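Below is one structure, written out as structure tokens; comments come after it.
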Amino acid sequence: MLSVSEAEATIFNLVSPLDNQQDTEIVDLLAADSRILASAVTSQMHFPYWDNSAMDGYAVRYADVQQATQQQPAILEIVEEIPAGYQPQSTIEPGQAARIFTGAVLPAGADTVVMQENTQRQENRVLILTAPQKPQEFVRQRAAYYQAGTQLLPPGIMLNGAEIAVLATAQCTQVSVYRRPRVAIFSTGNELVPPKKPLQPGQIVDSNQYALAALVRQSGAEPLMLGIVPDEPPALEKAIAYAVSNADIVISSGGVSVGDYDYVQQIIESLKGKIHIQAVAMKPGKPLTVATFRNQVIYFGLPGNPASALVTFWRFVQPTIKKVSGLVDGWQPKFIKAFTRQELRSDGKRETYFWGKLHLQNGIYEFQLAGGSQSSGNLINLAQTNALAVMSVGQTLISSGEEVQVLLN
Ligand code: AMP
Ligand code: MG
């Protein structure tokens, strides 16, 4: 049985990002948020586009004002008023200034802006009462923040508000992003029924498929819902074959334990899939099965118990989807250290995951264990959790107030 870190390394090595040429699509900037940029963006426009003022004040020649003081102000003739969005008409000559406002274009001849708080207006003249600290003060120089022709944004980053602002500024109204990975999802089990159907004795509702579809979407991928498949080899074979040929990633739940009706591994092998993982030393989640098929599709056979399915999804599948989606950085699982509010106990035999809520309390992270049973069959108390506390193999107790590693979901 593999350890969790061995399983993680195995899985992350099995997958690579989608193709940055073929697996892309062009989207409008307004629809680009949370998408992953497929190729580097370069602009032919500098930023700022032109020298402009960082203050409301007066555009001046530094040489004219460098000696100015309250007692001996520099007195300049105002030759123009330059609001934002206006193209200056005059050149500032020695002894002259222009009234200027934040963001407005610096006129020719001027090299410095004096903020209006350091001036006094007298009709068409301005008194500069304080010398600027240095030439260029309060001038945002053309190309100071970005030079045309250099890389503006690298490939493999997620486009959020700031990146979208950058693209808008560069007038890139359409961008090439990776297509969303397609993730086929199905549930296995003769006992399962969809949520709309009344339950017969012994039946249970297939909650995993709904949970997994939501989590797949949240991870940036597109779910392909294949329904409930009975524990019958021909039906399973058909479902797995279809899923593998129509998706980048396949997730099934159930049918991977050692029970008489657990056929998933056997069918994977009959379809020439290569099984890399058959069990992982973790709790919950031990029966996790991972395979690949010749077309590079990765198959996750998650255990059927709802908590096991979600914990193994968060631990392994979520980062896999993010890596496949083209994200260069930040696809890896995120662990932080927190102080546990409750004591955590395990038999120490497998790496144990406890679900709960991470709180930021006076600048310190605290882990609040979900109340009620931490059984793999319970799913009710998974609601409103956002983190998993992790206890290593060999560890049996983490007392309340002690530090614990926490995985952010
Ligand atoms: P299995 O891994 O197939 O042995 O399933 C273990 C248990 O998990 C089953 O007995 C069900 O109680 C539960 N289970 C399996 N599949 C699902 C599902 N899709 N949704 C909710 N619970 C499930
Ligand atoms: Mg089953």
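The table for this structure:
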| quantity | calculated |
| --- | --- |
| Per residue accessible area of the stretch 52-140, 1.4 Å probe, in Å² | 51 Å² |
| Sites residue 6 and residue 349, calculated FRET efficiency, Cβ-Cβ separation with R0 22 Å, nearest 0.05 | 0.85 |
| Calculated FRET value between residue 360 and residue 329, using beta carbons and R₀ = 25 Å, to 0.05 | 0.60 |
| Most fluctuating residue given options 225, 158, 55, as computed from a GNM of the chain linking Cα atoms under 10 Å | 55 |
| The chain: most fluctuating residue of 275, 11, 78 per GNM, C-alpha cutoff 10 Å | 78 |
| Proximal lysines to residue 272, defined as alpha-carbon separation beneath 20 angstrom and excluding residues fewer than eight positions away on the same chain | 238 |
| Distance from the stretch 340-382 to the stretch 131-145 (C-alpha centre basis), Å | 54 Å |
| Those lysines that a straight Cα-Cα span of less than 17 Å connects to residue 322, excepting residues fewer than 8 apart in one chain | 334 |
| In nm, spacing of pseudo-spin labels at residue 260 and residue 102 (7 Å Cα→C-beta vector) | 7.6 nm |
| Rounded FRET efficiency, nearest 0.05, which uses the C-beta distance separating residue 136 from residue 84 and R0 of 22 Å | 0.65 |
| Pairwise label distance in nanometres, residue 383 with residue 274, each label 7 Å out on the Cα-Cβ vector | 4.4 nm |
| Carbon/sulfur fraction of accessible area - the stretch 52-140, other protein chains in place, 1.4 Å, % | 43 percent |
| Within the chain: Cβ-based charge dipole about Cα centre, in debye rounded to nearest 20 (Lys, Arg +1; Asp, Glu -1) | 820 debye |
| Pairwise centroid distance, computed over Cα atoms, of the stretch 100-129 with the stretch 37-91, Å | 9 Å |
| Most fluctuating residue given options 304, 254, 227, as computed from a GNM of the chain linking Cα atoms under 10 Å | 227 |
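The values are calculated or read from the model by the stated rules, or taken from the named source; none is laboratory data. Only a predicted model underlies this, so the values are computations on that prediction, with no experimental measurement involved. Because the Cβ atoms are built from the backbone with ideal geometry, glycine has one as well, and the counts that use them run over all protein chains shown. Side chains are part of the model used for accessible areas, which takes the heavy atoms of the whole protein and leaves out ligands, DNA and RNA. Shrake-Rupley method; radii C 1.70, N 1.55, O 1.52, S 1.80 Å.
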